[in-house]
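Engineer: Starting off with a structure, shown below.
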Amino acid sequence: MLQWVNILHRKRIEKLINSPDKSMCCKVSLKNNRIFYSVTKNNKIILDESGLGILICGEQPIANKIALVRYQESRHRETITMPWGEVETINNDYNEVAFFLSEEQSPHRIMTIRFRVFNNAVAFCYEIPPQPKFSQISIAEELTEFNIDLNSVAWKIPAYQPDRYEYNYEKTNLGSLNESVHTPLTIKTPNGIYLSIHEAALYNYGSATLKLNGDRHLSTDITPLSDGTKAHVILPFQTPWRLIMVAESAIELTTNHTMYTLNDPPESDFSWVKTLKFIGIWWAMYVGEWTWAKGERHGATTEHAKEYIDAAVRLGISGVLIEGWNEGWEGDWLQNGINNQFTVSTPDFNLEEVSRYARQRGIEIVGHHETVGFIDNYEKQLESAYNYYAINGIKYIKTGYAGSMMLINGRREYHHSQLGVIHYQKTVELAAKKHICLDIHEPIKGTGIERTWPNLLSREGARGQEYEGGAISPSHACILPYTRLLSGGMDYTSGIFDLENNVKRIATTLARQLAYFVVIYSGMQMAADRPFIYEERFKQEFEFIKNVPTNFSTSLPLAGEIGEYYVVARKDRESEDWFVGGITDENGRTIHLVFDFLDMNSSYEASIYADAREAHFRDNPFATEIKTQRLKHNNSLDIYLAPGGGFAMQIRKLN
Ligand code: NOJ
């Protein structure tokens, strides 16, 4: 039988929670036996009255009178430090009110809803403590609404689809949403406010997707388990934070790092975690030169691995990914994941020898586990598979979960269900124990848990460059900074220079491939093409990839509009150098850059990699102009971006 843990009160009450600068205001009210909240920014309505609640499956009768027992207000102000990332510090500045609620009648169930109001966000979560008569619950649905003007526009990707998050974003009217969509869902309201609805600290619960409910309010649709419930949890339990990021411009939205503040600091020492740039035995498989499976054209041989290690040394890149090194890739590997063995190499690959060679040459190996979503098979081997890498000195693993559903306990489950979330977390925690960093492909979306688990260096979790060859439009990457990238870094597999390859033609210019290293942040950043392409044809362009860091102290978006263009400047965490990257959609454009972020009394020299006037992603992708130029604070520069193009810049401080 279904029952409510709902928030009911006889009297009407209203509580206003202001942000520290008073620009944001969240009103929480109890009326008609339900609890609601609404949000304004500078007195403009962002969310109108929106319902809250959790629907629980159980044996208890429907409770019908929950009263506010008390509420507790507090003020928090601190600066948090991120071990690596786009920024080094984040302001964690908010007013909090926790509403403690209890049923007035037996069984007197209790629940807390905790709100935090920031200058640029509102977040809240449900906390369900152990109850007088029961200590575990199954959740039938979360009834959180985000009552946003249906005349708003949204950039959506559909949920519950076979390719998980790997779809092109579509711009749509919120009122015409006819399916569940993933978060972050970015929205522009008719009054010009930019919002993104997301969640933070997703553990042990289904991932929230969003849809229009019966009242035509945007509301949570928690990813179900195969038994139809949303989650089975032991009390006390706290839901992930529901997060509404708010900005007055599209680029301001990209500076919102509230998600991380809603995650806990790490409990142990993660100073061993280092971000990484790597090449890999990878794109050669996508362009049909090599195969994952053993055979005549097998990519991951000892010989090829050593060649790639040597190339990494020559190119000044620290890591080498090796995919297809293990047994289990024969036939249609997308169907045969049950065969994957994670401690058995193919006969032509010697892991001990390769890792020894890499160590001698000062190169990190990035190991690879393609699970194809066969979690039962993977979890049986997890401990020994991680140990195998750890004893061979391998500190990075790229994992993969290709396949439309996961197989967990013999049942097909969504990647984004509670059981999927639990599995991903298991890998992150086990990897942390063994001092291994992860780059998860086909992951659960980012909810900022890398603040707590800094060894989770990157994820894929959106359509990446492997879809090139026809399935990515130039505007796709111009949407990512405002949508997917709000949930953390992404392994977009940037740096493909072989743009006119007949097997996979890339719809970008060459300069744009460089720009991606700045625009699309990743704690593990891949220079994805085969090394011979870099060495034989593009030595000068590769200099930029060699120099661009994977860890920044500050990031300043300079210009952009969703789906059209994005320009960002980032300062290296280890030096005084700045890196600027910009990309555009299928329209060429000139960007006026003002270098007001440079130090006032210093001189700089910029290396600029830009599209030539005649460049075009369709028929002239290689036309790049490379030049160096002196720069000072407040200098300005007009930079041309060709259709489907971009630019990259390294700005060195001169002493
Ligand atoms: C999909 C991943 O995104 C890709 O990077 C990987 O090469 C394949 N799966 C095989 O594991």
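Engineer: If one computes the Cα centroid of region 158-207 and of region 355-393, what distance in Å separates the two points?
Structural biologist: Region 158-207 and region 355-393 have Cα centres separated by 34 Å.
Engineer: Quick one: dipole size for region 276-551, taken about the Cα centre, charges +1 on Lys/Arg Cβ and -1 on Asp/Glu Cβ, in debye to the nearest 20.
Structural biologist: Dipole about the Cα centre, nearest 20: 780 debye.
Engineer: Scan around Asp611 for amide H atoms under 5 Å from its own, H built in the peptide plane at 1.01 Å from N, and keep only partners 5 or more places away or cross-chain.
Structural biologist: Glu625, Ala642, Gly646
Engineer: Another one. Karplus couplings for region 169-180 from phi (6.51 cos²θ - 1.76 cosθ + 1.60, θ = phi - 60°), rounded to Hz, Gly and Pro as x?
Structural biologist: 5, 10, 8, 9, 6, 4, x, 9, 4, 10, 7, 7
Engineer: Here's something else I'd like to know. Considering all projection directions equally, how large on average is the shadow of the alpha-carbon convex hull of region 276-551, in square nanometres?
Structural biologist: 13.3
Engineer: Here's another thing I want to ask about it. Given +1 on the Cβ of Lys and Arg, -1 on the Cβ of Asp and Glu, and no further charges, what dipole in debye does the chain carry about its Cα centre, rounded to the nearest 20?
Structural biologist: Rounded to the nearest 20 debye, it is 1780 debye.
Engineer: Can you give the convex hull volume per residue for the Cα atoms of the chain, as a whole number of Å³?
Structural biologist: 150
Engineer: Straight-line reach from Lys31: which lysines fall under 19 Å, measuring Cα to Cα and dropping same-chain residues less than 8 apart?
Structural biologist: Lys31 reaches Lys11, Lys15, Lys65.
Engineer: So if the hydrodynamic radius of region 2-261 is defined as the Kirkwood radius over C-alpha pairs, what does Stokes-Einstein give as its diffusion coefficient at 25 °C and 0.890 mPa s, in µm² per second?
Structural biologist: 130
Engineer: Got the relative contact order for region 142-187 handy, in percent, Cα pairs under 8 Å and 6 or more residues apart?
Structural biologist: 45
Engineer: Another one. Please work out the C-alpha center-to-center distance from region 235-293 to region 306-350 and express it in whole Å.
Structural biologist: Region 235-293 and region 306-350 have Cα centres separated by 24 Å.
Engineer: Just how large is the dipole of region 281-363 about the Cα centre, in debye to the nearest 20, putting +1 at every Lys and Arg Cβ and -1 at every Asp and Glu Cβ?
Structural biologist: Here the size comes out at about 380 debye.
Engineer: Could you list which residues have their amide H under 5 Å from that of Gln525, counting only those 5 or more apart in sequence or on another chain, with H placed in the peptide plane?
Structural biologist: Counting only residues 5 or more places away or on other chains, the set is Leu276, Lys277, Phe278.
Engineer: Give the residue list of trypsin sites (Lys or Arg not before Pro) in region 131-233 that are DSSP loop and have at most 16 other beta-carbon atoms within 10 angstrom.
Structural biologist: Lys133, Arg216
Engineer: Please sort by residue number the GluC sites (Glu not before Pro) in region 220-325 whose DSSP state is loop and whose Cβ has at most 15 other Cβ atoms within 10 Å.
Structural biologist: Of the GluC sites (Glu not before Pro), the ones in loops of region 220-325 whose Cβ has at most 15 other Cβ atoms within 10 Å are Glu248, Glu267, Glu289, Glu296.
Engineer: Kirkwood hydrodynamic radius, region 476-520, all distinct C-alpha pairs: what's the number in Å?
Structural biologist: By the Kirkwood definition, the hydrodynamic radius is 11.4 Å.
Engineer: Could I ask something else about it? For His633, what residues show an amide H to amide H distance below 5 Å, using hydrogens built from the backbone and excluding near sequence neighbours?
Structural biologist: Ser602
Engineer: By how many degrees, 0 to 90 and rounded to 10, does the Cα axis of helix 418-433 deviate from the longest principal axis of the chain?
Structural biologist: It works out to around 50 degrees.
Engineer: Let me ask another. Compute the distance from the alpha-carbon center of region 616-647 to that of region 586-613, in whole Å.
Structural biologist: Their Cα centres are 8 Å away from one another.
Engineer: Convert each backbone phi in region 527-541 into a coupling constant with the Karplus relation 6.51 cos²θ - 1.76 cosθ + 1.60 (shift: θ = phi - 60°), then list the ³J(HN,Hα) values in order as whole Hz, x for Gly and Pro.
Structural biologist: Per residue, the Karplus-derived 3J(HN,Hα) values read 8, 7, 7, 6, x, 5, 4, 5, 6, 7, 10, 9, 3, 5, 5 Hz.
Engineer: Using Cα pairs under 8 angstrom and six or more residues apart, how large is the relative contact order of the chain, in percent?
Structural biologist: Rounded, it is 11 percent for the chain.
Engineer: Okay, moving on. Under Stokes-Einstein, with the Kirkwood radius over Cα pairs standing in for Rh, what whole-number D in µm²/s applies to region 46-170 at 10 °C and 1.306 mPa s?
Structural biologist: 87
Engineer: Straight distance only, please: which lysines reach the Cα of Lys171 with their own Cα at less than 26 Å, same-chain residues fewer than 8 apart left out?
Structural biologist: Cross-link targets: Lys41, Lys44, Lys156, Lys188, Lys211, Lys445.
Engineer: Given the convex hull over the Cα atoms of region 106-146, what projected area results after averaging over all orientations, in nm²?
Structural biologist: So the mean shadow area of the Cα hull is 3.9 nm².
Engineer: In degrees between 0 and 90, to the nearest 10, how far off the longest principal axis of the chain does helix 351-360 point, with axes built from Cα atoms?
Structural biologist: It is inclined by approximately 70 degrees.
Engineer: Further, regarding this structure: Which of Ile338, Ala312, Thr302 sits farthest toward the positive end of the charge dipole of region 276-347, with +1 on the Cβ of Lys and Arg and -1 on the Cβ of Asp and Glu?
Structural biologist: Value: Ala312.
Engineer: Could you sort 116-129, 91-104, 511-524 so that the peptide with the highest average Cβ count within 10 Å comes first and the rest follow in order?
Structural biologist: Taking the mean over residues of other Cβ atoms within 10 Å, the ranking is 511-524, 116-129, 91-104.
Engineer: Tell me what the chain gives for mean residue ellipticity at 222 nm when only DSSP H runs of n ≥ 4 count, each as -39,500 (n - 2.57), the sum divided by the residue total, rounded to 500 deg cm²/dmol.
Structural biologist: So the calculated ellipticity at 222 nm is -4500 deg cm²/dmol.
Engineer: With everything on Cα atoms, drop me the angle between helix 375-391 and the longest principal axis of the chain, reported from 0 to 90° to the nearest 10.
Structural biologist: So the helix axis and the longest Cα principal axis differ by about 50 degrees.
Engineer: Under 13 Å Cα to Cα from Lys306, which aspartates and glutamates show up? Leave out anything in the same chain fewer than 8 places away.
Structural biologist: Asp348, Glu352, Glu353, Glu364
Engineer: With unit charges on the beta carbons (Lys and Arg positive, Asp and Glu negative) and the dipole taken about the Cα centre of the chain, which residue among Asn173, Ser106, Phe552 sits farthest to the positive side?
Structural biologist: Among Asn173, Ser106, Phe552, the one farthest towards the positive end of the dipole of the chain is Ser106.
Engineer: Still on this structure, please answer the following. What are the ³J(HN,Hα) couplings of region 482-490, residue after residue, when phi is run through the Karplus curve with 6.51, -1.76, 1.60 and θ = phi - 60°? Round to Hz, x for glycine and proline.
Structural biologist: 9, 10, 3, 6, 5, 9, x, x, 9
Engineer: Can you pull out the GluC sites (Glu not before Pro) in region 436-500 whose DSSP state is coil and whose Cβ has at most 12 other Cβ atoms within 10 Å?
Structural biologist: Glu500
Taken together, the values in this text are just the output of simple stated rules run on the coordinates, not laboratory data. Everything numeric in this text was worked out from a predicted model, so none of it was measured. Neighbour counts are summed over all protein chains in view; Cβ atoms, including those assigned to glycine, are modelled from backbone coordinates with ideal geometry.
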